[in-house]
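The structure appears right after this line, and notes come after that.
The values are calculated or read from the model by the stated rules, or taken from the named source; none is laboratory data. Everything numeric in this text was worked out from a predicted model, so none of it was measured. Virtual Cβ from ideal backbone geometry, glycine too; neighbours counted across all protein chains shown.
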Amino acid sequence: MRGKSLAVLLILAVSLPAQRWASDGRHLVISANKWVDPMTGKPVQVANAEEGASATAKARSAFRDALAAKLGESFDVRAFRGIRRRSTLPRAPEESPGVRIAAKPAGAVQGAALVRGVLWVFDGAARKIKEGLAGARHFDISPDGRNVSYIFENDLYLVRTKDGETRRLTEDGGENIFNGELDWVYQEEVYGRGNFRGTYWSEDGSHLAFLRIDENGVDTFTIVDHLPQTLDVDQLKYPKAGTVNPRATLHLVTASDAKRVAADLSMYSPKDEILIVRVGSTPDGEKTVFMVQNREQTWLDLNLVEPTSGKVRRIIHEESEHGWVNVPSQPRWLKDGTFLWESERTGFNHLYRYDTDGKLLNVVTRGDWALQRVIDVNEERGDVTFYGTKDGAIGRNAYRVGLDGHGLVRLTHGRGTHSIHLNGDGTLLIDRYSSLVNPGKTVLRDAKGKEIRVLSERKPPRNGNTAQLFRIKARDGEWLDVTVQKPVGMKKGRLYPVWIDTYSGPNAPTVRDAWRGTGGWYTQAGMALLQVNVRSASGRGQKFTEACYKHFGVQELKDIEDAVDWMLKTFPWADKDRVGISGWSYGGFMTAFAMTHSDKFRCGVAGGGVYDWRLYDTIYTERYMATPQNNPDGYDGSSVVKAAENLHGDLLIVHGTMDDNVHMQNAIQFIDALQRAGKLNFRFMVYPKSRHGVRSPHLRKLRRAFIREMMDLRP
């Protein structure tokens, strides 16, 4: 389940010209071959823009040309780059894996490509080394260029690039055993939607780590395409909260002789039902790094494992007393063997420096604010550049601090959400940002954040209907960020309806101080658009996110209600009898929860929602709710199905018939409960063939027609 936190980055990306640092790290690229001096803006003569290209880019280009020469006119350049088939189902065919370039080639082979079932390598010329690999998945090359790994059918293989010698690493792959690739729940909730790869090369290419996932005993869920005459069916292993979970183990292969060992996980009890949530390598390749959590994710271990023996050593243990532990980024290793580690142990994400014995050397960042993401570590200068919330959570700013934790400097200035790009040595940066009232600005700054000059700027439209930002108090005194966008063409003495479009899932803010235009359909149709960051989705830190722990919907709804009450009190033109709400996925749940647990909403549109959390997957749900066995009251209190008899107002329920994420079962059980309760104030629309995202013009028209009718919108 995913939030909307990437929307701001997309807005910024399309709002401003794409100045970027040239390959030499010193000049700016304005267009294809136009370079300029960043300090003066004057053009720079460039004889060949490719001269400064990276070794990877050069190898890729040379490989493409060599392969084109071999294959002639039949060569498909798109296939060389890789044609990805978008699927959220495990073991989906890969249309064309494309090319992989070795990061640190130790021999002649610089890259490999899998095109139309044929494996090619590049060592100055394109050379065919293996055929018959149509249907191979997750093809990859080792960093040293000496081996290629891939999944064929359900097992993992290695091919030596110098001569094509093939070694089979596993022999037990099948319906319930995943070798080197992930099942549905691990890709969706741990490693990222669409990422089914479960193999991890060491930094030096000497070892390959892979996950083995055992799904024996995991329930199978049937997803039906009702349109064909005989029905098409997907059988998907999907563990629902409280049921049997897939079991993951970690295995390591020495590339030179294909010797395989299992990581020794005997320190963990079977009752822990562990999850393996990150896999990586130390920079020298001598150790594999991996993270382990218990089933309910209340603790996390950072471990090192010897690739040749499987011996495991725990170096950091994180534990939460009153919530869950989020999976941090991989350790950032420094040249002296120490590393930087992110932790929310104080209630806010911060950076710490450790040695490999697990000894804390120093705190790098601290305070009642959160580090969001590390941008760059410069060991020569001895500092770290990062995004953080020190100056507010609804915007985003970049900072720099010494590795010793001293000398914190804010690099970005001006209200809004900033995105920075450092030059080669980190002495200059491009700062691209926007806010609710600023459509976008790009500034060149020095290493201390001082503005050198404006590179580009967009002016706000005249008489623009931009959103207003407010900070309000909830009933318990906690403050909340809200925005209000007024209806277009307001007339004195007239009441106007209010609409809330929300997500409100854990740490997925709705309110962002970034340009979002001067009003969409809602305000054009004569409604005010209200948005609120409930405290568990405020982006302010784990201390606030934990407000939803074990009781989904309860605190979120209180915060939404408080925002509605504030708006009705603050704006006399806001109509208390015409307040509506909508959302998708977690937002669909929140919409239905609001309509069954509050009488403040006249109507709602709930899409793709989880209406009883016993119906959603183990890893996401149990992180926040524990298991149903350990938190039955919390599950009952968060269930929309159990509250169906309390539906207030009119509700439109929407779902895709082939949703493999939030199953249509949720909507069917909710509708069944509404019918049994004698409720007539709801409507239901299904979208055949649609999965979790419904992209249909019909849905847009349906929503608008429903809202116009329910909210008595005047022409």
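Values computed for the structure shown
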quantity	calculated
Residue that is farthest from the chain's Cα centre (by Cα) [pool: residues in the stretch 208-231 that are without any contact (Cβ under 8 Å) to a residue 40 or more places away in the chain, more than 26 Å from TYR611 (Cα to Cα) and part of a strand (DSSP E or B)]	ASP214
Residue in the stretch 257-278 that is surrounded by 20 or more Cβ atoms within 10 Å (Cβ to Cβ) and of a type in the set (S, T, N, Q) present	no
Output for the stretch 161-196, where each listed residue is surrounded by 19 or more Cβ atoms within 10 Å (Cβ to Cβ) and in a strand (DSSP E or B)	PHE178, ASN179, GLU181
Test: residue in the stretch 269-282 that is in a loop (DSSP other than H, G, I, E, B) and either in contact (Cβ under 8 Å) with a residue 60 or more places away in the chain or in contact with a His (Cβ under 9 Å, 6 or more places away or on another chain) (or both)	yes
Filtered residues of the stretch 474-497 (kept if charged (D, E, K, R) and surrounded by 14 or more Cβ atoms within 10 Å (Cβ to Cβ))	GLU478, ASP481, LYS486
Residue in the stretch 697-707 that is in contact (Cβ under 8 Å) with a residue 24 or more places away in the chain, farther than 21 Å from HIS663 by Cβ and not in a helix (DSSP H, G or I) present	no
Single residue of ALA474, ALA447, ALA514, ALA508 found to be within 30 Å of the chain's Cα centre (by Cα), at pLDDT below 95 and not β-branched (Val, Ile, Thr)	ALA447
Subset of the stretch 367-390 (residues that are outside any strand (DSSP E or B) and in contact with a Ser or Thr (Cβ under 6 Å, 6 or more places away or on another chain))	TRP369, ALA370
Extreme residue, surrounded by the fewest Cβ atoms within 10 Å (Cβ to Cβ), among residues of the stretch 673-715 that are among the small types (Gly, Ala, Ser) and out of contact with any His (no Cβ under 9 Å at 6 or more places or on another chain)	GLY678
Enumerated helices (runs of 4 or more DSSP H) restricted to the stretch 537-645, each holding at least 2 residues that are assigned by TED's automatic domain parsing to the domain that holds THR510 and among the aliphatic types (A, V, I, L, M)	554-570, 586-597, 618-625
Which listed residue, of ARG26, ARG64, is surrounded by 12 or more Cβ atoms within 10 Å (Cβ to Cβ), in a loop (DSSP other than H, G, I, E, B) and at pLDDT 85 or above	ARG26
Qualifying residue in the stretch 285-301 (condition: more than 14 Å from TYR186 (Cβ to Cβ), of a type in the set (Lys, Arg) and crowded, with 16+ Cβ neighbours inside 10 Å)	yes
First in the stretch 232-244 and in the same structural domain as ASN630 (by TED's automatic domain parsing), second anywhere and assigned to a strand (DSSP E or B), Cβ under 7 Å, 6 or more apart	none
Test for PHE80: is it modelled with pLDDT of 90 or more and not assigned by TED's automatic domain parsing to the domain that holds GLN235	no
Near pairs, Cβ below 8 angstrom, 6+ apart or cross-chain, from the stretch 102-121 (closer than 11 Å to PRO143 by Cβ) to any residue that is surrounded by 24 or more Cβ atoms within 10 Å (Cβ to Cβ) and of a type in the set (Val, Ile, Thr)	ALA102/VAL109; ALA102/ILE141
Residue pairs meeting the criteria (Cβ under 8 Å; at least 6 apart or on separate chains; first farther than 19 Å from ASP144 by Cβ, in the stretch 55-79; second part of a helix (DSSP H, G or I) and at pLDDT 80 or above)	PHE75/LEU67; PHE75/ALA68; VAL77/ARG64; VAL77/ALA68
Among (1) without any contact (Cβ under 8 Å) to a residue 12 or more places away in the chain; (2) among the aliphatic types (A, V, I, L, M); (3) part of a helix (DSSP H, G or I) - the single one LEU680 does not satisfy	(3)
Condition check for VAL443: in a strand (DSSP E or B) and closer than 23 Å to GLU344 by Cβ	no
Counted residues, the stretch 261-300 - those being more than 15 Å from GLY205 (Cα to Cα) and more than 22 Å from the chain's Cα centre (by Cα)	14
Boolean, GLY205 is outside the structural domain of ASP660 (by TED's automatic domain parsing), modelled with pLDDT of 95 or more, surrounded by 19 or more Cβ atoms within 10 Å (Cβ to Cβ) and assigned to a loop (DSSP other than H, G, I, E, B)	yes
GLN330 being in contact with a Leu (Cβ under 7 Å, 6 or more places away or on another chain), of a type outside the set (A, V, I, L, M), at pLDDT 95 or above and closer than 26 Å to ILE619 by Cβ	no
Conditions (1) in contact (Cβ under 8 Å) with a residue 40 or more places away in the chain; (2) over 21 Å from ILE500 (Cβ atoms); (3) surrounded by 17 or more Cβ atoms within 10 Å (Cβ to Cβ); (4) in contact with a strand residue (DSSP E or B) (Cβ under 9 Å, 6 or more places away or on another chain): number failed by PHE670	(2)
Count - residues of the stretch 142-164 that are out of contact with any Phe, Trp or Tyr (no Cβ under 8 Å at 6 or more places or on another chain) and over 21 Å from ALA59 (Cβ atoms)	4
So THR254, is it modelled with pLDDT under 95, hydroxyl-bearing (Ser, Thr, Tyr) and surrounded by fewer than 17 Cβ atoms within 10 Å (Cβ to Cβ)	no
Scan of the stretch 290-314 for residues that are in a loop (DSSP other than H, G, I, E, B) and without any contact (Cβ under 8 Å) to a residue 40 or more places away in the chain, ordered by number	ASN294, THR298, GLU306
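Here's the yes/no breakdown for (1) modelled with pLDDT under 95; (2) within 27 Å of GLY25 (Cβ to Cβ); (3) under 29 Å from the mean Cα position of the chain (by Cα); (4) surrounded by 15 or more Cβ atoms within 10 Å (Cβ to Cβ):
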{"position": "GLY402", "(1), (2), (3), (4)": "no, yes, yes, yes"}
{"position": "VAL409", "(1), (2), (3), (4)": "no, yes, yes, no"}
{"position": "THR417", "(1), (2), (3), (4)": "no, yes, yes, yes"}
{"position": "SER434", "(1), (2), (3), (4)": "no, yes, yes, yes"}
{"position": "LEU455", "(1), (2), (3), (4)": "yes, yes, no, yes"}
{"position": "GLY464", "(1), (2), (3), (4)": "yes, no, no, no"}
{"position": "LEU469", "(1), (2), (3), (4)": "no, no, yes, yes"}
